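Q: First, the structure itself, so that you have it in front of you.
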Amino acid sequence: MHRLPWKWAWLPLLLLITAKLEQVGGRTHLDLARTDSQLTRLPFFGGGVGHLLRYLHPLAMSPPSERVRTSELRSELDANYVSYRGAQLWKLNFNATRGSSMEEREEDDELAEEAAERQVVSSPDAQFNEVVALFGSEVWNINQDGIDILIEQRNVADARKFMDKVGYSYNIMIDDIESAIDETYVEVPAVEHPLDSVRNNSLPWMEVPGSTMNWRRYHDQADIKQFLQTLLETYSENVELIQIGVTRNKRPLEVIRVSNGNPDNWAVFVDAGLQARDWLSPAALTYAISKLTHLWGKAQDEGQRQGRAEKAMRRIDWYFLPLANPDGYQYSRHTDRLWTKNRGYDSASGCYGVNLDRNFGYGWDGTGSTSNPCKNLYHGAHSFSEPESRAVRSFLSSMREYLGAYVSLGAYGQAITYPWGDADYVTENQRDLKQTARRAILALRRLNQAEYSSGTSYRQKLARPGNSADWVQDRIGPQLVFNMFLKDQGRYGYLLPPHYIVESGEEVFEFLRTIAQQLQ
């Protein structure tokens, strides 16, 4: 029997996929992967058929009328796929009413009528808790504009009636979560993306030879890993990869170190993606890493004169952990887009996952977390129960003597916060923290008119018991400790379209540059 050469072994599979995809919107993902008449480079598919299928999907750039069908393809690829069809994201505002008084409204719903009577004498906190208890599946964020809450499809109609009865102000930010999810898988067409400016050499770090990363879409864990390896090979004199641990599913936790090797340098550690559904912070951080290594390498090769800020960045040992929760991240890409935890398994409940941003030692098990393993805010069986948080703890502890700053990136809220989060206390270094945050806010405003707020996590209403930043402040004690919450302020929340990756990456780079200047 004649056997096909190895390089043709994928041909029957590709033909099968093409035939299948032609049923979705009449266009194939393989055709849509073309940019400027060149095929997008595909990596080695060591993960087998499933890996190949899942890789092809994000390359789709279907018209909006067809894009809604991409969720159907994902559900066919994964029998456990979680659909959010019909669910909505609401922003609640308890400081305003929506017109007529409750007495003037028609009482045609018994549940809403009874709830409205209770609201007359209850506090704002009690009102908020009741809305969440009755209709909400999860609070996404509390910010200056209001409270972002996810409403499941089965509760949407009753929630609207209830809000009309009690007269609360609210806005529907996303009217169909599943359609918004589809948008996060889209690749931005080249004509709408700053990648075009590569031809004019204004953003050359967006084109990394040998890497699939392009910041026109959200990439999976394999692409990020390949990107780090490419940087190691390209800038071997200044770049090092350090495996600080492995996850429950045996994925490596890889830190990339960028340094000139000077033993007198301060170290800065930056992590991203502790929450699995947060795709923006890993994308923005990898963009900032690409820009940093490119500018660093170019300055060495050409002996270019640099400004004060650039020189400050080169006197830092940078340690980046672009994907702090790779198991959860991959699960969110394939199965449940809004998954937030890691993939640890609790045998007693049969539920998966621990919220890594609730698993660190300081303030562990406080208000704002839960002991229920089936909930998103599950803090784990004990502090540092998870391999991801233990790996970060061990690595940072080894850097205690020379760690100058710690930054944890995440979505969303456009805020720069610092300890503490459990109460309105003052840290010894709060003056430096406040000054650095204010300088960063001014720099971000000059960069692209981005409006960030700043303050302690407690005052910014972004407190999280057992979070990494408070633990670093308490146990390691570097000069600077920050959380940077990226875009946006609630229009898209965790489902920010990929159009915003580049400007978010520029904001991360600007923040890191501010920190470098402050450490001198």
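Just so it is clear, none of the values below were taken in a lab; they were calculated from the coordinates. Everything numeric in this text was worked out from a predicted model, so none of it was measured. Here the Cβ positions follow ideal geometry from the backbone for every residue, glycine too, while neighbour counts run over all protein chains shown.
Q: Of the trypsin sites (Lys or Arg not before Pro) in segment 403-462, which ones lie in a loop per DSSP and count no more than 14 other C-beta atoms within 10 Å?
A: Listed in order of number, the matching sites are ARG459.
Q: First check a/c for segment 312-364, with a ≥ b ≥ c the square roots of the eigenvalues of its C-alpha gyration tensor; if it is under 1.5, answer rounded, and if not, answer prolate when a/b is larger than b/c or oblate otherwise.
A: Verdict is oblate for segment 312-364.
Q: Right, another one. With each label point set 7 Å from Cα along the Cα-Cβ vector, what nm distance links ASN80 and SER398?
A: Rounded to a tenth, the inter-label distance reads 3.2 nm.
Q: I need the calculated FRET efficiency for the pair CYS351 and GLU138, taking r as the beta carbon distance and R₀ as 22 Å, to the nearest 0.05.
A: Efficiency, rounded to the nearest 0.05: 0.90.
Q: For segment 461-520, what does the alpha-carbon gyration tensor say about shape, rounded, prolate or oblate, given a ≥ b ≥ c as the root eigenvalues, a/c under 1.5 as rounded, and a/b over b/c as prolate?
A: In terms of gyration-tensor shape, oblate.
Q: What whole-number volume per residue, in cubic angstrom, does the convex hull of the C-alpha atoms of segment 405-467 give?
A: It is 90 Å³ per residue.
Q: Report the Cα centroid-to-centroid distance between segment 397-438 and segment 137-164 in angstrom, as an integer.
A: 31 Å
Q: Are there any trypsin sites (Lys or Arg not before Pro) in segment 304-413 that are in a DSSP loop and have at most 13 other Cβ atoms within 10 Å? List them by number.
A: Sites meeting the loop and neighbour criteria: ARG305, ARG400.
Q: For segment 227-343, taking Cα atoms only, what is the radius of gyration to one decimal and the Dmax to the nearest whole Å?
A: Spelled out, the Cα radius of gyration and Dmax of segment 227-343 are 15.7, 49 Å.
Q: Mind running the shape call on segment 319-414? Use the C-alpha gyration tensor, a ≥ b ≥ c as the square roots of the eigenvalues: rounded below 1.5 for a/c, prolate if a/b tops b/c, oblate otherwise.
A: Prolate.
Q: Work out, step by step, the length gained on full extension between ILE172 and THR234: first 0.36 nm times the residue separation, then minus their alpha carbon distance; give nm to one decimal.
A: So the extension gain works out to 17.6 nm.
Q: Tell me which chymotrypsin sites (Phe, Trp or Tyr not before Pro) from segment 380-450 have a DSSP coil assignment and no more than 13 other beta carbons within 10 Å of their own.
A: Hits after loop and neighbour filter: TYR402, TYR425.
Q: Nearest 0.05, what FRET efficiency do LEU447 and ILE242 give at R0 = 22 Å with Cβ-Cβ as r?
A: Details: r = 30 Å, r/R0 = 1.39.
FRET efficiency, LEU447 to ILE242: 0.10.
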